């Protein structure tokens, strides 16, 4: 059968016109200029396990937090698609079937019964923040929705909705809403909670549960009714969900470790998600403890607490103040970073250096008597003197005269150098360090002090404390020998615990700065190191405040929060000299002042003739050959503060040293005069 030319031409023209219209429509959609599809989300600071410590708003003050579909409860996603857009996975952005149904229902009932808007169209409206009432606005949403479907996957479109859905006030996105209304992440919602989060965005201000709980409840129940009708839940589940009350208030977003979070966020290169070494539970507990400690003690007393794992240097908790707010306590100031006078808390380092130098031993006798050091005449805190005491007792009683004498012997410059090597950013009030540095005449931070005590706990090796959960860890630097660090820790562990606290082996030291401006307690067990500072942020005195009475009890409570029991202190290194005073080498039995032990070099003073200072030498099978010139026999040789040869009449001998590396050799003659050399043993 032959077709006439006219109908064939008409059919061809119709098909051509349709194709041209389709091509023009596709070009029209493809030419759509879309709003930015990469959304700004708030910075999140997480703990070591990924739990939220603190969140920040985006630039315009909205709470919008990053979330992926797999981070949201499945019931919520199922309810959302069922209630808002059943054919979401099938339509190209505009559901013509739903539009037609909505139009017919409107004609039949004379009012809008159901909307034809898809989830993709809602995303288009939210991206452009356009209205819903005008025809032109609805047509624009359709065009943008069709364009979105051509450029994004369904899951990407769904993710945009999860970020942009409005929940009243400045809440935007399902995660911000779940945290604010329920205080939890959206990955595990109850059926009632999921239904409420589906219902609110349709009318976010009118259905805010914190302002209109009845409307919110009614809207939630309509979502639940739809779920029952569509078989998404059983009648019993729906009945139980309807009995669940809607939240009546908005919960505050987490603000844990706020000072550290601020610092981490301000770090160059910080991303939208910052993970700290902080533990959320410990941090929360210590912030509560800080608030409890200052409560009822005036409106200006402040506290700071820092806890670290001294093996790794990771900061586990950092409380910059009690109450993070602008008040008379100046709670916005991070007192873990404030420069303050350390009082007596530097004394353990002085003793450790003296042990290393062969100037003293824990059992060495030392004088606690009135004395002037070139015009500087320190006194003890209680203005009493104990006469002759053991070095161990001098440190435990925190006597001032002995530590100043030791500082004079080692030199305040060496003390400052050791502090710098430990990472302590000391600030001197004057240009040159003096003897007062040992008694707190220098500015340091709580974090630096905790870092210093961590080095002692680690066997004399300093590591920088770190809050970043990722990144390379810096290498350590030795500031004390293993034996000296252990001796210091052993002495501190023998200090009586604070009143009312159980006896234990916590190695700790307290300090009080001049004028009772700062009170300190820093300590460590076999695993953790912690520090407490108390005072006023403005630096004014706190009458009657002393470290032993104020900060030390708090330190004990800090360790009780860290673990139920203290981790045991490590055993003494094998090279440690553990003997009573009577068994010490003669030069170590009694400490001699700098004027006696380090007087100006005379013709007969001892000098290390070999090996020379700074030399690299190789030990022979029988040991390292050493030689002393001058001085009076017998001689005592020490390696890194540990006696290795005692009461030698000969000026030349072989020393057996524990290992290779850098070694400080000291020789002491019968008159207590000494000389030393630093070498590298191959």
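The values are calculated or read from the model by the stated rules, or taken from the named source; none is laboratory data. Note that the structure is a prediction, hence the values are computed from the model and not measured. Using ideal geometry, Cβ is built from the backbone for each residue, glycine included, and neighbour counts are taken over all protein chains shown.
Things worth noting here:
- Taking the listed residues 389, 404, the one that is modelled with pLDDT of 95 or more, in a helix (DSSP H, G or I) and in contact with a strand residue (DSSP E or B) (Cβ under 7 Å, 6 or more places away or on another chain) is 404, with no other qualifying.
- Here 426, 462 are screened, and the one residue that is surrounded by fewer than 22 Cβ atoms within 10 Å (Cβ to Cβ) and within 21 Å of residue 484 (Cβ to Cβ) is 426.
- Strands (runs of 3 or more DSSP E) contained entirely in segment 485-580, each with at least 3 residues that are touching a residue at least 60 places away in the same chain (Cβ under 8 Å), more than 13 Å from residue 307 (Cβ to Cβ) and over 23 Å from the mean Cα position of the chain (by Cα): 507-512
- Within segment 236-248, the set of residues being part of a loop (DSSP other than H, G, I, E, B) and modelled with pLDDT of 95 or more comprises 243, 244, 245, 246, 247.
- Test: residue in segment 260-274 that is under 15 Å from residue 561 (Cβ atoms), outside the structural domain of residue 214 (by TED's automatic domain parsing) and either in contact (Cβ under 8 Å) with a residue 12 or more places away in the chain or in contact with a strand residue (DSSP E or B) (Cβ under 9 Å, 6 or more places away or on another chain) (or both): no
- In the set (1) touching a strand residue (DSSP E or B) at 6+ places or on another chain (Cβ under 8 Å); (2) outside the structural domain of residue 446 (by TED's automatic domain parsing); (3) crowded, with 19+ Cβ neighbours inside 10 Å, residue 519 fails one condition alone, (2).
- Of the residues 189, 197, 179, the single one that is farther than 22 Å from residue 121 by Cβ and over 27 Å from the mean Cα position of the chain (by Cα) is 189.
- Flag for residue 17 being modelled with pLDDT under 85, closer than 22 Å to residue 201 by Cα, in a helix (DSSP H, G or I) and outside the structural domain of residue 267 (by TED's automatic domain parsing): no
- Filtering 588, 657, 638, 665 for residues that are assigned to a loop (DSSP other than H, G, I, E, B), under 45 Å from the mean Cα position of the chain (by Cα), surrounded by 15 or more Cβ atoms within 10 Å (Cβ to Cβ) and at pLDDT 85 or above leaves a single hit, 657.
- Yes/no for residue 290 being part of a helix (DSSP H, G or I), more than 30 Å from residue 580 (Cα to Cα) and touching a strand residue (DSSP E or B) at 6+ places or on another chain (Cβ under 7 Å): yes
- Of the residues making up segment 220-235, those that are free of Cβ contacts under 8 Å to residues at least 40 places away in the same chain, in a helix (DSSP H, G or I) and more than 43 Å from the chain's Cα centre (by Cα) are 221, 222, 224, 225, 228, 229, 235.
- Breaking point among (1) assigned to a loop (DSSP other than H, G, I, E, B); (2) under 15 Å from the mean Cα position of the chain (by Cα); (3) closer than 28 Å to residue 64 by Cβ, for residue 325: (2)
- Segment 419-434, residues that are within 22 Å of residue 491 (Cα to Cα) and not in a loop (DSSP other than H, G, I, E, B): 419
- Residue in segment 669-678 that is within 21 Å of residue 486 (Cβ to Cβ) and not in a strand (DSSP E or B) present: no
- Those residues of segment 154-181 which are surrounded by fewer than 17 Cβ atoms within 10 Å (Cβ to Cβ) and not in a loop (DSSP other than H, G, I, E, B), in sequence order: 154, 155, 156
- Filtered residues of segment 455-475 (kept if assigned to a loop (DSSP other than H, G, I, E, B) and out of contact with any helix residue (DSSP H, G or I) (no Cβ under 8 Å at 6 or more places or on another chain)): 469, 470, 471, 472, 473, 474, 475
- Flag for residue 628 being in contact with a strand residue (DSSP E or B) (Cβ under 8 Å, 6 or more places away or on another chain), without any contact (Cβ under 8 Å) to a residue 60 or more places away in the chain and either loosely packed, with under 14 Cβ neighbours inside 10 Å or not assigned by TED's automatic domain parsing to the domain that holds residue 483 (or both): yes
- The test for being closer than 19 Å to residue 510 by Cα and part of a helix (DSSP H, G or I) does not hold for residue 416.
- Annotation note: of 430, 434, 423, the sole residue that is assigned by TED's automatic domain parsing to the domain that holds residue 338, farther than 22 Å from residue 534 by Cβ and free of Cβ contacts under 8 Å to residues at least 40 places away in the same chain is 430.
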